[in-house]
Structure formats: structure tokens, C-alpha cells
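Data block below; observations after.
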Amino acid sequence: MADVVARMAGGIAAFSPDDWDACAGTDNPFVSHGFLSALEDSGSATATTGWQPVPIAIDDAQGRPAAILPAYAKSHSRGEYVFDHGWADAWERAGGHYYPKLQISVPFSPVPGPRLLLRDTSLAAGLIAAAESVVVQNGLSSAHATFVAPEQIPLFEAAGWLIRTDTQFHWANRDYADFDDFLGALSSRKRKGIRKERAMAREGLDFVHLSGGEIQERHWDAFWRFYQDTGARKWGTPYLTRSFFSLLGERLGDRVMLMLALRDGRPIAGALNLVGGETLYGRYWGCTEDVPCLHFELCYYQAIDVAIARGLKTVEAGAQGEHKLARGYEPTLTWSAHYIPDPGFRRAVAEYLERERAAVEHNAGALAEEGPYRKG
């Protein structure tokens, strides 16, 4: 590989939207300049919150970025959804400093996607080498690329990074004509269960789907209340600020879809989705009124409705959740890649990952066998 020169920028704002998105592409909204700059400009992902943006770029001969890593200097392991707290504890007990570490990811978003943003694909190896140099030159413990698109995993593997697997539950569109067509692919018991859940959730409620200019500040105010309730119960303190949602709507436009449940015209629950090239991504949900099965309706079933209507191939409804299996979402492996320069620490982590990978793959296979779809 020819020598390449990489640079580290002080944030996403150091790049123009056009230059960044020329590398990121248009399929995955989470790696877009609009999404990442909204996190930064809203104060959600900053040095103060433990997510110091340090994107790494390689420029072409004209000085425009041809390859970018969305990277952060992390002072903790929160908001990542690939858990390395045990690794941090072990390294600290051995006398090392695990933090800061280099995190190559989309903050607070367990969404698979490209982590090597490449306008020039020949620079992939150089970009990975640049991340390694940042770790070594700054005495960092490690670098972590999380929720890496499967087609990019071989690039990290070829560079000697350790590969970790986990499981999410995604819905696949098998060219269904409508929701009833999808239900027809399920076993009778699952089909009846879903119809019952939808009837319970929808009783006395109206539902609206808003995108682009249809989303007004009053809608974001309502969703902020929902998000705060969910965030307080899950994390103690919500990761995102109120201004993030307004900026997201401004910068991503029609790629943002807000689903609201209304009682007598008043929003009582909502689910935020982003629309990709082939995928509907369910991200955040919350409510101010407890309605049986409303979470399933807003986050899973209405997402399927939208995906079928738009001809999207998949729905990704977030991390974890074996309860999604009964609702038509199937186990799907996700991958991350980890660079650990210390030989002893690397060896210990590699042995752990080998055992973990076997368990994850076995569990995913067993869950697939229990799926809701009709056999034969």
C-alpha cells in the first residue's frame, strides 16, 4: 500500500455537507452529514458528553476528502450498545488506562452501516491504518468500529482487527402486497396474536405519519416528552438534547418520519423513524399514556406497513429484543471490529470473543428455528 496522509479534524462541522456526503453516500442516513452534525451542534455528542468528535480523513489531490472515518475520542462506554465494560475493568486492574479510546461509530445509534466512508474505495486500508496510528501515537488502549456493515468487515479483518458478533432482529420484506399478505406467511397462532395486539393498541386512537415540513415544533415538543420518559427509565439521563430533534428535521427533511398516536387529537405516544435507501430505521419511542400493545403497534407493525407501501426491503427496529421474534422480526447477526495494540490484552480479548461468537451464532440459529413463519 502506498503511503497516504491522513488528517484529524475538530468535528463534523469542519467538512462541508457535500464533501462529507460524497464519501458517505445516500443509503444510510445515520452516517450523513445532517445526522452527525445535528448530534454535534445540538450538544448531544461533544467532548462535554464524552463524545469528542475527531473525524479522520484522507484527501484527494485537489484537497477534497476522499475517505472519512466518523470517529470520536470516548471517555466512557455509554451510548454504544456494544458492551466493553468488562474489558475496561480488566485493563484498569492491570494498571492501564482504558479511556480515552477511539470509537468509530454513530453515537447512540445501534444501526449497522458503513464505518469507512469511501468516495475512493482504494483508500480503505489506508483509513484503517490511520485509525491504528492515532491509537499508537496517542497511547490509547484501543479502537472500536461498532455496527459495521457486513461488507466492510473483511476489510477490518484483513487488517488484523478482532471481530465481534451480536444479534438484532430485523424484518424482511418478501415482496408482500400488504400487511395481510405478510400475516399470511405466519403460523396461524402468530397471525391471530398480531391481529389481537393491533386491535387492542388501536382502540380509541388515531395515527398520523409526518415527515419533512409536516413536522412542526409542537410535534417535536410532544415527542421530546415521550423521549424523556423512555430515556429516564432506560438510561437515567436521556442522551439527546431537545434541539437535536429540531435540527434533525431541518437537515434530513423527508428522510425523517414521525409516527404519532393521538387520542382526541392529542399526541400520547410517538415513534421516530429514519428512511434509508432500502431500509426503514426505527429509533426512538415513548408515551405519556400506558396503552396495551401500543409499543408493538407504533414501533413494529406500522413500520412494516410503511416498508411494504414504500417497497423497502427491511425494517430495523433497534437493538436486542427477542420479543420482536413473535412479531415477524428475524435474528440477524451484527458485527464490530476492535484494534488492541497491546499483545497480552489483545490475546485475552481474542479468546473471549471466540467463545462469545460461538454462543451468539448458536443462539441466533436456535431463535431462527423458533421463528413465527409457517414451515414448509
Requested in this report: Report, by residue number, each residue of the range 1-15 that is in a helix (DSSP H, G or I), open to solvent by 50 Å² or more (accessible area, probe 1.4 Å) and modelled with pLDDT of 95 or more.
Outcome: A14
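Here's the yes/no breakdown for (1) outside any helix (DSSP H, G or I); (2) surrounded by 13 or more Cβ atoms within 10 Å (Cβ to Cβ); (3) under 24 Å from the mean Cα position of the chain (by Cα):
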{"site": "Y301", "(1), (2), (3)": "no, yes, yes"}
{"site": "D305", "(1), (2), (3)": "no, yes, yes"}
{"site": "K324", "(1), (2), (3)": "no, yes, yes"}
{"site": "T332", "(1), (2), (3)": "yes, yes, yes"}
{"site": "R347", "(1), (2), (3)": "no, no, no"}
{"site": "R355", "(1), (2), (3)": "no, no, no"}
{"site": "K375", "(1), (2), (3)": "yes, no, no"}
Report summary line: Those residues of the range 97-151 that are part of a loop (DSSP other than H, G, I, E, B) and of a type in the set (D, E, K, R) come to a total of 3
Requested in this report: Could you tell me whether the range 259-266 includes any residue that is among the aliphatic types (A, V, I, L, M), surrounded by fewer than 19 Cβ atoms within 10 Å (Cβ to Cβ), more than 23 Å from S37 (Cα to Cα) and touching a residue at least 40 places away in the same chain (Cβ under 8 Å)?
Outcome: yes
Requested in this report: Kindly indicate whether any position in the range 62-78 is closer than 30 Å to G212 by Cβ, of a type outside the set (G, A, S), open to solvent by 10 Å² or more (accessible area, probe 1.4 Å) and in a helix (DSSP H, G or I).
Outcome: no
Report task. Residue by residue through the range 192-224, note down the ones that are under 15 Å from L262 (Cα atoms), under 22 Å from the mean Cα position of the chain (by Cα) and in a helix (DSSP H, G or I). Result -> W220, F223
**Report entry** Flag if Y81 is surrounded by 18 or more Cβ atoms within 10 Å (Cβ to Cβ), touching a Ser or Thr at 6+ places or on another chain (Cβ under 9 Å), among the hydroxyl-bearing types (S, T, Y) and assigned to a loop (DSSP other than H, G, I, E, B)
**Finding:** yes
Query raised in the report: Which residue pairs have Cβ atoms closer than 9 Å, lie 6 or more positions apart in sequence or on different chains, and pair a first residue in the range 301-323 that is closer than 23 Å to D166 by Cβ and hydroxyl-bearing (S, T, Y) with a second residue that is open to solvent by 60 Å² or more (accessible area, probe 1.4 Å) and not in a helix (DSSP H, G or I)?
Result: T314/E278
Query raised in the report: Regarding D18, is this residue over 20 Å from A131 (Cβ atoms) and surrounded by fewer than 22 Cβ atoms within 10 Å (Cβ to Cβ)?
Result: yes
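One line per residue, one yes/no per condition, for (1) of a type in the set (A, V, I, L, M); (2) surrounded by fewer than 20 Cβ atoms within 10 Å (Cβ to Cβ); (3) under 24 Å from the mean Cα position of the chain (by Cα):
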{"site": "S109", "(1), (2), (3)": "no, no, yes"}
{"site": "I128", "(1), (2), (3)": "yes, no, yes"}
{"site": "T146", "(1), (2), (3)": "no, no, yes"}
{"site": "T165", "(1), (2), (3)": "no, yes, yes"}
{"site": "N173", "(1), (2), (3)": "no, yes, yes"}
{"site": "A177", "(1), (2), (3)": "yes, yes, no"}
{"site": "G184", "(1), (2), (3)": "no, yes, no"}
Report task. Restricting attention to the range 149-178, report how many residues are touching a helix residue (DSSP H, G or I) at 6+ places or on another chain (Cβ under 7 Å) and within 11 Å of H338 (Cα to Cα). Result -> 5
Query raised in the report: Here are some conditions: (1) farther than 19 Å from E297 by Cβ; (2) open to solvent by 20 Å² or more (accessible area, probe 1.4 Å). F244 meets all but one. Which one does it not meet?
Result: (2)
Query raised in the report: So which residues in the range 267-282 are over 13 Å from L210 (Cα atoms) and either crowded, with 22+ Cβ neighbours inside 10 Å or free of Cβ contacts under 8 Å to residues at least 60 places away in the same chain (or both), if there are any at all?
Result: A269, T279, L280, Y281, G282
Query raised in the report: Which is more than 18 Å from the chain's Cα centre (by Cα), modelled with pLDDT of 95 or more and either more than 28 Å from D342 (Cα to Cα) or buried (at least 19 other Cβ atoms within 10 Å of the Cβ) (or both), of W87, W51?
Result: W87
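The values are calculated or read from the model by the stated rules, or taken from the named source; none is laboratory data. Just so we're clear, the structure is a prediction, and the values are computed from it rather than from any experiment. Glycine also receives a Cβ, built like all others from the backbone with ideal geometry; neighbour counts cover every protein chain displayed. Ligands, DNA and RNA are stripped out before the accessible areas are found, and what is left, the full protein with its side chains, is counted by its heavy atoms. Shrake-Rupley method; radii C 1.70, N 1.55, O 1.52, S 1.80 Å.
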